[in-house]
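See structure below.
The values are calculated or read from the model by the stated rules, or taken from the named source; none is laboratory data. Just so it is clear, the model here is predicted, and its values are computed rather than measured. So basically every Cβ, Gly included, is an ideal-geometry build from the backbone, and we count neighbours across all protein chains shown.
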């Protein structure tokens with residue numbers, strides 16, 4: 001399949017599809033950090049979503065008339081539930097609310113442009129937030145620990161609600177059943193903190209936006225499958241979307 005992973009600089013999803021033999025490309029306005037500039041399009045993703053000619057970071061030109069699959073990770077800064085608090089006139093000056101509403105509108109339009117990309121199969125990822133009201137409820141809600149190998153899997157054994165709006169694709173199937181992870185930290189008031197709230201440092205936003213390896217692997221195996229002679233490892237567990 002010809003796969004475009006929009007708004008991805010880490011190349012985690014792109015690499016998993018490449019591992020299974022698909023012609024996958026990541027696209028972001030930032031340079032890639034995944035180590036494969038020959039698979040990365042450093043450009044505005046909107047024209048690329050429609051297919052046509054594009055150039056990867058190694059200066060090689062490619063042409064895709066129509067994508068088989070588009071997986072998009074549009075920025076969630078103005079679409080998450082946190083946005084709602086900043087739209088209240090009780091908390092925020094009117095002029096700032098108006099500016100914020102414009103930002104929400106532009107983010108919503110970009111989300112929908114990703115959803116209606118020139119592809120038969122589309123998955124758009126975002127947290128629970130504004131698009132559930134503006135558009136519709138997500139088709140699939142998962143957590144990284146649904147795809148962890150064990151409770152010692154430090155990369156994936158986390159609770160972080162992730163939503164997918166799908167077109168032409170089935171919901172991701174949970175591959176293993178582990179108990180829900182306990183909170184890593186608590187606030188000074190005793191409130192349990194989720195994964196995003198425990199990430200610190202100046203690269204906090206970049207770390208929080210990266211797709212968990214287990215989820216990336218599940219997308220490639222369940223939505224792409226292997227094109228190689230040796231089949232990909234079978235999923236373990238009882239299956240089921242596990243919507244929460």
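The table below lists the values:
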quantity	calculated
Verdict on residue 182 being over 14 Å from the mean Cα position of the chain (by Cα), loosely packed, with under 12 Cβ neighbours inside 10 Å and at pLDDT 60 or above	yes
Subset of segment 145-162 (residues that are closer than 27 Å to residue 122 by Cβ and either at pLDDT 95 or above or in a loop (DSSP other than H, G, I, E, B) (or both))	145, 146, 147, 148, 155, 156, 158, 159, 160, 161
Residues being in contact (Cβ under 8 Å) with a residue 60 or more places away in the chain, surrounded by fewer than 18 Cβ atoms within 10 Å (Cβ to Cβ) and part of a strand (DSSP E or B) - total across segment 18-67	0
Residue list for segment 114-143, restricted to those being under 30 Å from residue 64 (Cβ atoms), in contact with a strand residue (DSSP E or B) (Cβ under 9 Å, 6 or more places away or on another chain) and assigned to a helix (DSSP H, G or I)	114, 115, 131
Those residues of segment 131-160 which are crowded, with 20+ Cβ neighbours inside 10 Å and closer than 22 Å to residue 223 by Cβ, in sequence order	131, 138, 142, 143, 144, 145, 146, 147, 148, 156
Residue under evaluation residue 78, criteria (1) out of contact with any strand residue (DSSP E or B) (no Cβ under 6 Å at 6 or more places or on another chain); (2) in a loop (DSSP other than H, G, I, E, B); (3) surrounded by 19 or more Cβ atoms within 10 Å (Cβ to Cβ); (4) modelled with pLDDT of 70 or more, criterion not met	(4)
Test: residue in segment 60-75 that is more than 22 Å from residue 168 (Cβ to Cβ) and at pLDDT below 95	yes
Subset of segment 121-137 [farther than 15 Å from residue 167 by Cα and out of contact with any helix residue (DSSP H, G or I) (no Cβ under 8 Å at 6 or more places or on another chain)]	127, 128, 132, 133
Any hit, segment 188-210, residues being modelled with pLDDT of 90 or more and either farther than 30 Å from residue 109 by Cα or touching a strand residue (DSSP E or B) at 6+ places or on another chain (Cβ under 9 Å) (or both)	no
